[in-house]
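Right, one structure below, let's go through it.
The values are calculated or read from the model by the stated rules, or taken from the named source; none is laboratory data. Note that this is a predicted model, so its numbers are computed, not measured. Every residue, glycine among them, receives a Cβ derived from its backbone with ideal geometry; neighbour counts consider all protein chains shown.
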Amino acid sequence: MAGVEQPLTSKGFRFLSIGLTITLLLTLLTLAYSAYENLAYISQDLVSGESPPKLSINSTHLTLSNLTLTNRGLYPLNIALSGEAVLGDVNLGSASTGEIIIPPNMLRRIDLTLPLDLTKVYTDYNLLRTILFNASAATFKLKVDVGIQPFIAASFEGSFWSKIGAGLDGLTFRLRSVEPLNDTHVRAEIEMEFTNRSPLTVNGLLHASLPSAAQRDLRYSASPIEVFAQPSQQYVAQLIFTLPKEELRSGAWYGLELEFDMFGHAYEWRAGFRV
Amino acid sequence: MYAARAIQAAIFVAINYAIFFAAPVLLFSTTGLITSELEATILGYFIVIVSLTILHILLKDHIIGLASSVGLGIVQALYIYVITKGGELTISYSGLMLTLNFEPIVYLMMAIPLVNMAKQISEYVGRSSAQPIEMVEVEG
């Protein structure tokens, strides 16, 4: 019996199959080599490079600078960095470097500057109250899109937190002096002190009143204080009350009623001091 | 003839074990993506692939052999697509998330069994249509 020769189409498919297999193997090998070379050198540069990348945060910007990448692979390397800063539910700012393509054996320096718009916090009543009276944390989300063109794209997403101190940190009231004004009244000077540990400028009008110990529904008001405290500033101010002599008794605790008007929001609370 | 085919089938079962079971399980275990569900899927597909490979090799000249090779091509391509989740894998590790997208490679990997399947069909059709011609001497 004579042998049957394979049809031409079958031969074509055989060559196509062999070609695809070789292409796949070569692609996988070259990709593995490129990925290994890039990952090994990038991690080495990041950890023990001559000029490692720097991350700095201030009240207006978050900056990632001096990130230097060299493509030691066989394929073009594309990279995009994007960041977002969030405080509570409020997005303070976001930025992206856009797609940066690094051809093989080329070096690129990448910087990412994220503008922080802290004034957005002023519009949120609850968030502002939290920042004024409690320490909180800002979340910074960072996304790195990296790819070996045109075969593989990888996306890394991570976030880190930065502690933000209270705007009115360590707020205390102390009776500094009591001076007689006349036979019936005294001038009581109450010192208010706090440190602004938040990145926000604390700027508002503080109203203080002292309920009478002797008579119900009677309050003595101090002149309002225009508070203006820059970040990291220790703030000291005096509340001046004119009170009947009998209102202040030595050793007693008194409750101040306070109202702080800040950017259209009014925050009310009570604070104690001892005579 | 069947002894030789059985040896060939055994070799292909070993190759299939390495490609369609051992390598994926090792890869997914290393990357922490292995789950009992994924392992069961890999095992299920591997059993189907092995069965179809044996059928295809043992019954090469039969229509069942052709049907097996067609099924094998489709199952292998489907297997590659399913276990690689269409070329998009996500790995989470202590707050960091890594998403890998390698669709072009998945399609290249899927193309190979499909082209092999087309080759088997073409060979079978070619064998059926081109019958061997024998010269017979007719006595006058």
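Key figures for this structure:
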{"quantity": "Any hit, region A:28-39, residues being under 30 Å from A:SER162 (Cβ atoms) and within 14 Å of chain B (Cβ to nearest Cβ)", "calculated": "yes"}
{"quantity": "In region B:71-115, residue surrounded by the fewest Cβ atoms within 10 Å (Cβ to Cβ) [restricted to those that are more than 7 Å from every other protein chain (Cβ to nearest Cβ) and not in a helix (DSSP H, G or I)]", "calculated": "B:SER94"}
{"quantity": "Test: residue in region B:30-40 that is within 27 Å of B:LYS119 (Cα to Cα), out of contact with any Ser or Thr (no Cβ under 6 Å at 6 or more places or on another chain) and in a helix (DSSP H, G or I)", "calculated": "no"}
{"quantity": "The listed residue being without any contact (Cβ under 8 Å) to a residue 40 or more places away in the chain and either in a strand (DSSP E or B) or within 26 Å of the chain's Cα centre (by Cα) (or both), out of A:ALA237, A:ALA266, A:ALA271", "calculated": "A:ALA266"}
{"quantity": "Any chance A:ARG174 is at pLDDT 85 or above, in contact with a Pro (Cβ under 9 Å, 6 or more places away or on another chain), in the same structural domain as A:ALA252 (by TED's automatic domain parsing) and over 30 Å from A:THR68 (Cα atoms)", "calculated": "no"}
{"quantity": "Per-region count, region B:1-18, residues in a helix (DSSP H, G or I) and loosely packed, with under 14 Cβ neighbours inside 10 Å", "calculated": "10"}
{"quantity": "Among the residues listed as A:SER209, A:SER250, A:SER232, A:SER198, the single one being assigned to a loop (DSSP other than H, G, I, E, B), farther than 17 Å from A:ILE131 by Cβ and not basic (Lys, Arg)", "calculated": "A:SER250"}
{"quantity": "Tally of residues being assigned to a strand (DSSP E or B) and surrounded by 14 or more Cβ atoms within 10 Å (Cβ to Cβ) across region A:163-184", "calculated": "6"}
{"quantity": "Residues within region A:145-162 that are more than 9 Å from chain B (Cβ to nearest Cβ) and surrounded by fewer than 17 Cβ atoms within 10 Å (Cβ to Cβ), tallied", "calculated": "3"}
{"quantity": "A:PRO150, sole failed condition from (1) in a loop (DSSP other than H, G, I, E, B); (2) more than 27 Å from B:GLU103 (Cα to Cα)", "calculated": "(2)"}
